[in-house]
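Worksheet: one structure, shown below.
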Amino acid sequence: IGSFFQEQPALKNPFLEDALLRAYLRRHLPQQAVFLDLSAFGECVAKEVDTWGRECEVNPPRLVHFDPWGRRVDHIVTSAAWKRMKDLSAQEGLVAIGYERSFGEWSRVYQMSKLYLYSPSSGLYTCPLAMTDGAAKVIQSVGVSPPVEEAYSRLISRQPERFWTSGQWMTERQGGSDVGSGTETVAVPQTDGSYKLHGLKWFTSATDADMTLTLARVQDRTGATTAGSRGLSLFYAEVSRGEDGKLRGIEVQRLKDKLGTRQMPTAELLLDGLPAYRLSEEGRGVASIANMLTITRIHNSISAAAAMRRILQLARDYATRRTAFGKLLRDHPLHMQTLARMEVETRGAFLLVMEVCRLLGREESGLASQLDTQLLRLLTPVVKLYTGKQAVAVVSEGLESFGGQGYIEDTGLPGMLRDAQVLSIWEGTTNVLSLDVLRCVARSSGMVLHAYFTHVQSLLAGVSNVSSVAPAVKAVAGALSELEAFVQMAAAREPGYLELAA
Ligand code: MFK
Ligand code: FAD
């Protein structure tokens, strides 16, 4: 009954739809090859990949514990679409671009721009890519040599049949934020210099990975280990099966039943003699995995900005198709004000993330000044905590702009909100990252803040018409004093940091 059917919002090429991204690249990386690649990839995302992402959601991974004859197999069954995402990621160089460095200091900006287009349609495949990128970065920092030489070449490969993804197994039952105290996994030395790991990893995402980096405590001859963070070392392990078809040294206990990110498996793993190699010096595990955290936190921020941009693109399109009170939504000033506010948040998030990507690219190309390096250290937790929170707010507002349809599962919209919610939890919660800001302020004896103030001052000095930016100047001044107040407050809460700063 009834002849009216609402036209659905259309997903168009996210690159051609994104004036800010194109303007940013025109200014900094005006390379035809980049524009052609992103334009073609954007088309592929809208026409093909988005459907795969949906398939990953509709066909979530499942765990098969036993084969029909009762043998333990622990097989994580993933959808065909999830597997296609892996091949596509290799072919499109979604990790490789950052390591090929064909565009010098701008290579990270190029790579992250591509991931930004991909993320909302990727069925969360950006999660394994983030960890893969982070693992490659760690290996690069500890030295690309056996036993990780082969793994490194696979992590950054563009050949689907060679490409590997990596896991990042840090969290245990006792501690995800406080891995230093919470890690119980032990590493038992073997006569050939390798180790066997025993413990339980409580959250392991994209568990169909080919390898992982993880933390454990090395046992001495008496079986004793060192407590706390200083007892942790970084290990590399391959996820493989023996001739009996069983996972070597791993039992998959169960898959997590999650609010969102359902497209991707997150497992609890029992490590029961997992063969592994130590990559860091003994006791330097946390410091060594920090490189991975930097990369995955930047990926997280890209995903957050991309989620905001995607919901806004759809909401804008919908506003040209949906009529209420006799006119299109786009002709209702109040509705447009809502979308405009979302646009401002999204632009702010995008520019902040891109600035961090730019700094990362400079550091990796050996072009970073001391100020750049300090800003990168300071802004990485800031951009992750800020965009993680904002993504939830903007995506939630975005759902409302579709009215009741924003709440209906098979539109694909509610999943965006569920997936956004994780962005402020994994890779460091908001408070833990706030303390990380404090950590880097204290450990640099305030130099990172000095770098920040200097940077902001130089940006303001470059503005010719000061009166036109007076509100911005005021806002920046306000933000600076807020930051100072925050540092003082956080330092008061964590006296240990005050001592360090002194
Ligand atoms: C779509 C994209 C998705 C992304 C992928 C998602 C899938 C994966 C999901 C995950 O969640 S993986 C698990 C992520 N876990 C975390 O993020 C842990 C959160 N907790 C922290 O970050 C804590 O702050 C930390 C574990 C690092 C605290 O450990 P400690 O041992 O108490 O820290 P401590 O003693 O202050 O620092 C130890 C060393 O590490 C120091 O170096 P030094 O010994 O040389 O001085 C620190 O400077 C260094 N360090 C710590 N954090 C750092 C860092 N260095 C650089 N950057 C940092 N952020
Ligand atoms: P807790 O550390 O117990 O934190 C609880 C609360 O206390 C938080 O609000 C936190 O902000 C607060 N808090 C903790 N310490 C402080 C402090 N010092 N000051 C103020 N507040 C504090 N981990 C992995 O290692 N690998 C993975 O692949 C992985 N995948 C995940 C996938 C999903 C979907 C989720 C939800 C999590 C995943 N995690 C993974 C785990 C994730 O990294 C942790 O859940 C996260 O780091 C928080 O740790 P926790 O759960 O132990 O919380």
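The values are calculated or read from the model by the stated rules, or taken from the named source; none is laboratory data. Just so it is clear, the model here is predicted, and its values are computed rather than measured. Heads up, the Cβs are rebuilt from the backbone with ideal geometry, glycines too, and the neighbour counts pull from every protein chain shown. The area values use the complete protein model at the heavy-atom level, side chains included, leaving out ligands, DNA and RNA. Shrake-Rupley method; radii C 1.70, N 1.55, O 1.52, S 1.80 Å.
Taking the criterion of being among the charged types (D, E, K, R) and closer than 27 Å to Cys44 by Cα, the residues of region 113-169 that qualify are Lys114, Asp133, Arg154, Arg158, Glu161, Arg162. Counting residues in region 249-260 that are within 13 Å of ligand 2 (Cβ to nearest atom), on the phi < 0 side of the Ramachandran plot, in a helix (DSSP H, G or I) and open to solvent by less than 40 Å² (accessible area, probe 1.4 Å) gives zero. All conditions but one from (1) at pLDDT 95 or above; (2) surrounded by 12 or more Cβ atoms within 10 Å (Cβ to Cβ) apply to Glu409; the one that does not is (2).
Please verify whether Gly42 is more than 19 Å from the chain's Cα centre (by Cα), crowded, with 21+ Cβ neighbours inside 10 Å and within 28 Å of Pro30 (Cβ to Cβ), treating the condition exactly as stated.
Values: more than 19 Å from the chain's Cα centre (by Cα): yes; crowded, with 21+ Cβ neighbours inside 10 Å: yes; within 28 Å of Pro30 (Cβ to Cβ): yes.
Against the criterion (more than 19 Å from the chain's Cα centre (by Cα), crowded, with 21+ Cβ neighbours inside 10 Å and within 28 Å of Pro30 (Cβ to Cβ)), Gly42 qualifies.
If the Cβ limit is 8 Å and pairs must be 6+ apart or interchain, which residue in region 320-341 that is surrounded by 10 or more Cβ atoms within 10 Å (Cβ to Cβ) pairs with which residue that is of a type in the set (Lys, Arg)? The qualifying pairs are Thr320/Arg330; Leu328/Arg321; Leu328/Arg322; Leu329/Arg322; Arg330/Arg316; Met336/Arg330; Leu339/Arg316. Being modelled with pLDDT of 95 or more and open to solvent by 60 Å² or more (accessible area, probe 1.4 Å) is true of Phe4.
Within region 217-248, being outside any strand (DSSP E or B), open to solvent by 40 Å² or more (accessible area, probe 1.4 Å) and more than 16 Å from ligand 1 (Cβ to nearest atom) holds for Gln219, Asp220, Arg221, Thr222, Ala224, Glu243, Asp244, Lys246, Arg248. Under 6 Å between Cβ atoms, at least 6 apart or on separate chains: pull out the pairs that start in region 410-437 with a residue that is without any contact (Cβ under 8 Å) to a residue 40 or more places away in the chain and part of a helix (DSSP H, G or I) and end on any residue that is surrounded by 22 or more Cβ atoms within 10 Å (Cβ to Cβ) and small (Gly, Ala, Ser). Pairs that qualify, where the first residue is without any contact (Cβ under 8 Å) to a residue 40 or more places away in the chain and part of a helix (DSSP H, G or I) and the partner is surrounded by 22 or more Cβ atoms within 10 Å (Cβ to Cβ) and small (Gly, Ala, Ser), are Ser424/Gly388. Scanning region 154-183 for residues that are without any contact (Cβ under 8 Å) to a residue 24 or more places away in the chain and assigned by TED's automatic domain parsing to the domain that holds Ser233 yields Gln174, Gly175, Asp178, Gly182.
What residue, among those in region 261-293 that are of a type in the set (A, V, I, L, M) and within 11 Å of ligand 2 (Cβ to nearest atom), is surrounded by the fewest Cβ atoms within 10 Å (Cβ to Cβ)? So, considering only residues that are of a type in the set (A, V, I, L, M) and within 11 Å of ligand 2 (Cβ to nearest atom), the one surrounded by the fewest Cβ atoms within 10 Å (Cβ to Cβ) is Leu293. Restricting attention to region 406-430, the residues being near ligand 1 (Cβ under 10 Å from one of its atoms) and of a type outside the set (Gly, Ala, Ser) number 7.
Listed by first and then second residue, the pairs with beta-carbon distance under 6 Å, at least 6 apart or on different chains, first residue in region 279-306 and in a helix (DSSP H, G or I), second among the acidic types (Asp, Glu), are Ile295/Asp133; Thr296/Glu427; Arg297/Glu427; Asn300/Glu427. Considering region 110-216, the qualifying helices (runs of 4 or more DSSP H), each wholly inside and each with 3 or more residues that are open to solvent by 50 Å² or more (accessible area, probe 1.4 Å) and of a type outside the set (Lys, Arg), run over 126-142.
Here Ser102 meets the list (1) in a helix (DSSP H, G or I); (2) without any contact (Cβ under 8 Å) to a residue 60 or more places away in the chain; (3) open to solvent by 10 Å² or more (accessible area, probe 1.4 Å) almost entirely, failing just condition (1). Cβ-Cβ contacts under 6 Å between residues 6 or more apart (or on different chains), taken from a first residue in region 14-41 that is within 16 Å of Trp106 (Cβ to Cβ) to a second residue that is open to solvent by 40 Å² or more (accessible area, probe 1.4 Å) and not in a loop (DSSP other than H, G, I, E, B), are listed as Leu29/Trp106.
You will find that of Met131, Met112, the residue that is within 23 Å of the chain's Cα centre (by Cα), closer than 24 Å to Asn300 by Cβ, within 16 Å of ligand 2 (Cβ to nearest atom) and not hydroxyl-bearing (Ser, Thr, Tyr) is Met131 and no other.
Every condition in (1) open to solvent by 30 Å² or more (accessible area, probe 1.4 Å); (2) within 17 Å of Lys137 (Cα to Cα) is met by Leu94 except one, and the failing one is (1). One residue is enough: does region 168-175 have a residue meeting the conditions over 30 Å from Ser365 (Cα atoms), more than 14 Å from ligand 2 (Cβ to nearest atom) and in contact with a helix residue (DSSP H, G or I) (Cβ under 6 Å, 6 or more places away or on another chain)? Looking through region 168-175, none of the residues is over 30 Å from Ser365 (Cα atoms), more than 14 Å from ligand 2 (Cβ to nearest atom) and in contact with a helix residue (DSSP H, G or I) (Cβ under 6 Å, 6 or more places away or on another chain).
Scanning region 53-77 for residues that are of a type in the set (Val, Ile, Thr) and either part of a loop (DSSP other than H, G, I, E, B) or under 26 Å from the mean Cα position of the chain (by Cα) (or both) yields a total of 3. Going through region 433-467 one residue at a time, which ones are open to solvent by less than 50 Å² (accessible area, probe 1.4 Å) and either basic (Lys, Arg) or within 15 Å of ligand 2 (Cβ to nearest atom) (or both)? Answer for region 433-467, where residues must be open to solvent by less than 50 Å² (accessible area, probe 1.4 Å) and either basic (Lys, Arg) or within 15 Å of ligand 2 (Cβ to nearest atom) (or both): Leu433, Ser434, Asp436, Val437, Leu438, Ala442.
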